[in-house]
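One structure below.
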Amino acid sequence: MDARPNDLAAFWMPFTANRQFKATPRLLVAAEGMHYTSHDGRQVLDGTAGLWCVNAGHAHPKIVEAIQHQAKQLDFAPTFQMGHPLAFELANLATSISPQALNRIFYTNSGSEAVDTALKMALAYHRARGEGSRTRLIGRARGYHGVGFGGISVGGIVGNRKAFGTMLGGVDHLPHTHAPEHQAFTRGQPEWGAHLADELEKLVQLHDASTIAAVIVEPLAGSTGVLVPPKGYLEKLRAICSKHGILLIFDEVISGFGRLGTAFAADAFNVTPDLMTVAKGISNAAVPMGAVYTTQAVHDTIVDAGPEGAIEFAHGYTYSGHPLACAAALATIRVYREEGMFENAARMAKPLEDAMHALKGLPNVIDVRNFGLVGGVELAPRDGKVGARAYDVFVRCYEAGVLTRQTGDTIAVSPPLIINEKQIEQLVGTLADAIKKAA
């Protein structure tokens with residue numbers, strides 16, 4: 001089967017080297033379970049759950065059926081001053097698996113939208129409390145929070161920021177937690193680095209707590225190359241935020257819905273934020289969806305501040321709570337529960353950890369990092385060509401029948417939660433062969 005279109009020019013591809021890709025395209029035409037089918041008919045093991053998102057595996061029959069049924073019954077309904085039953089049903093189900101304090105949810109269409117929504121909620125919360133001076137937002141170096149202007153402003157990846165002007169004002173950043181001289185080849189959470197959370201106290205001293213609305217971090221940073229939080233780091237951030245009345249936002253777009261062997265990273269690290277952004281795994285990526293979880297205190301403060309009959313939070317999207325997205329998310333969360341997928345992710349975490357750390361000693365491997373069902377292997381860059389070695393490895397893996405994710409000179413893996421030990425052996429074994437050939 002050759003399903004290549006005869007002209008690739010019209011589609012301006014996202015986060016892609018367009019000229020390079022279109023010279024030698026890699027096209028996927030079907031998917032089921034753990035595998036994609038390429039345009040030339042090959043089976044490709046999905047080592048990245050699509051883009052950190054297809055946690056239940058591809059084309060799960062119950063999710064497919066739910067979407068098909070909903071498309072026939074109610075294809076669209078507005079949620080501005082109207083509603084439909086699935087949006088409320090999903091809210092109850094989704095909050096039944098979140099940390100207990102996060103019992104309110106607001107729908108978006110993506111992680112980027114969820115982040116901008118959470119930032120606006122933080123500002124609105126403080127204004128409703130009579131602390132409108134709290135407008136400053138604190139992100140973290142190397143953080144990825146999507147591509148909206150709010151997200152890139154609090155984000156800390158230079159390539160995502162440098163072309164887009166001054167972005168939002170009143171934003172500052174914590175240092176990142178990656179220190180290979182202290183942490184290289186750590187299994188799970190590094191012992192070194194909890195003290196880096198104390199940098200937040202320095203920002204409070206610089207700006208004063210009365211000006212700071214929120215701190216946003218990824219509990220486990222994925223897009224920058226799999227950075228696992230040091231032991232005690234998130235706990236310290238939580239304590240400092242609570243001490244100064246600053247809202248703590250966890251960006252769990254990648255880490256949510258079973259990726260770390262628990263429902264959320266907040267559960268895995270036993271730290272509960274005030275707001276939590278999600279997307280990707282909420283609907284198994286079958287229909288685009290995102291959301292913001294928040295506490296009842298944040299919700300009630302904003303909602304109760306407005307006069308009766310007035311719109312309390314002037315924000316939302318045409319497709320917030322889209323019926324097809326809600327149907328997909330309901331089916332997805334039920335599948336996670338019924339088939340024990342979070343538990344399987346927890347069981348497969350150790351086999352993946354062992355396999356990933358067996359890469360130590362291969363040519364140019366300078367670090368391996370892992371937690372739950374996420375792994376990253378960092379490679380020494382080629383002289384003057386940052387990312388070229390890892391891209392070579394990524395292409396070689398694909399040609400050998402395994403999909404991985406390249407970010408800088410790190411290869412990341414984050415397979416669907418349904419993976420088994422034999423497939424882990426294939427995934428990491430193929431990666432090992434590619435690393436050797438790219439030496």
(request) Test ARG161 against the stated conditions and say whether it is over 30 Å from ALA87 (Cα atoms), in contact with a strand residue (DSSP E or B) (Cβ under 9 Å, 6 or more places away or on another chain) and of a type in the set (Lys, Arg). (result) no
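Can you go through LYS360, LYS280, LYS350 and tell me which one is of a type in the set (Lys, Arg), at pLDDT 95 or above and surrounded by 19 or more Cβ atoms within 10 Å (Cβ to Cβ)?
Step by step, each of LYS360, LYS280, LYS350 is checked, and only LYS280 is of a type in the set (Lys, Arg), at pLDDT 95 or above and surrounded by 19 or more Cβ atoms within 10 Å (Cβ to Cβ).
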(message) Whether any residue in the range 244-255 is closer than 19 Å to ASN344 by Cβ, touching a Gly at 6+ places or on another chain (Cβ under 7 Å) and not in a loop (DSSP other than H, G, I, E, B) is what I want to check.
(response) no
(request) Tell me, please, whether a residue that is in contact (Cβ under 8 Å) with a residue 60 or more places away in the chain, in a helix (DSSP H, G or I), among the polar types (S, T, N, Q) and assigned by TED's automatic domain parsing to the domain that holds GLY361 can be found in the range 418-426. (result) yes
(request) Report, by residue number, each residue of the range 363-396 that is of a type in the set (A, V, I, L, M, F, W, C) and either at pLDDT below 95 or assigned by TED's automatic domain parsing to the domain that holds ALA179 (or both). (result) VAL386
(request) Scan the range 172-204 for residues that are part of a loop (DSSP other than H, G, I, E, B), in contact (Cβ under 8 Å) with a residue 24 or more places away in the chain and not β-branched (Val, Ile, Thr) and jot them down. (result) PRO175, HIS176, HIS178, ALA184, PHE185, ARG187, GLY188, GLN189, PRO190, GLU191, TRP192, GLY193
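Among the residues of the range 111-124, are any aliphatic (A, V, I, L, M), more than 16 Å from LEU248 (Cα to Cα) and either out of contact with any strand residue (DSSP E or B) (no Cβ under 6 Å at 6 or more places or on another chain) or in contact (Cβ under 8 Å) with a residue 24 or more places away in the chain (or both)? Reasoning before the result, please.
Of all residues in the range 111-124, those aliphatic (A, V, I, L, M) come to 114-115, 118-119, 121-124.
Filter once more, so that each one left must be more than 16 Å from LEU248 (Cα to Cα): none.
So far as the range 111-124 goes, no, none of its residues is aliphatic (A, V, I, L, M), more than 16 Å from LEU248 (Cα to Cα) and either out of contact with any strand residue (DSSP E or B) (no Cβ under 6 Å at 6 or more places or on another chain) or in contact (Cβ under 8 Å) with a residue 24 or more places away in the chain (or both).
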(request) Show the residue pairs that are 6+ apart or on different chains and have beta-carbon atoms under 6 Å apart, the first residue being within the range 366-385 and surrounded by fewer than 16 Cβ atoms within 10 Å (Cβ to Cβ), the second being in a strand (DSSP E or B). (result) ILE366/GLU378; ALA380/ILE366
(message) Can you tell me which condition VAL147 does not meet? The list is (1) closer than 13 Å to LEU330 by Cβ; (2) part of a loop (DSSP other than H, G, I, E, B); (3) among the hydrophobic types (A, V, I, L, M, F, W, C), and all the others hold.
(response) (1)
(request) For the range 209-224, enumerate the residues that are assigned to a loop (DSSP other than H, G, I, E, B), of a type outside the set (Val, Ile, Thr) and surrounded by fewer than 24 Cβ atoms within 10 Å (Cβ to Cβ). (result) GLY222
(message) Within the range 61-93, take every residue that is in a helix (DSSP H, G or I) and in contact with a Pro (Cβ under 7 Å, 6 or more places away or on another chain) and give me the one that is nearest to CYS326 (Cα to Cα).
(response) LEU86
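Restricting attention to the range 397-407, which residues are part of a loop (DSSP other than H, G, I, E, B) and either more than 23 Å from the chain's Cα centre (by Cα) or modelled with pLDDT under 95 (or both)? Write out each step before concluding.
The initial filter retains those residues of the range 397-407 that are part of a loop (DSSP other than H, G, I, E, B), namely 400-401, 404.
Within the range 397-407, ALA400, GLY401 meet the criteria.
The values are calculated or read from the model by the stated rules, or taken from the named source; none is laboratory data. Just so it is clear, the model here is predicted, and its values are computed rather than measured. Don't worry about glycine lacking a Cβ; one is built from the backbone with ideal geometry, like all the others, and counts go over all protein chains shown.
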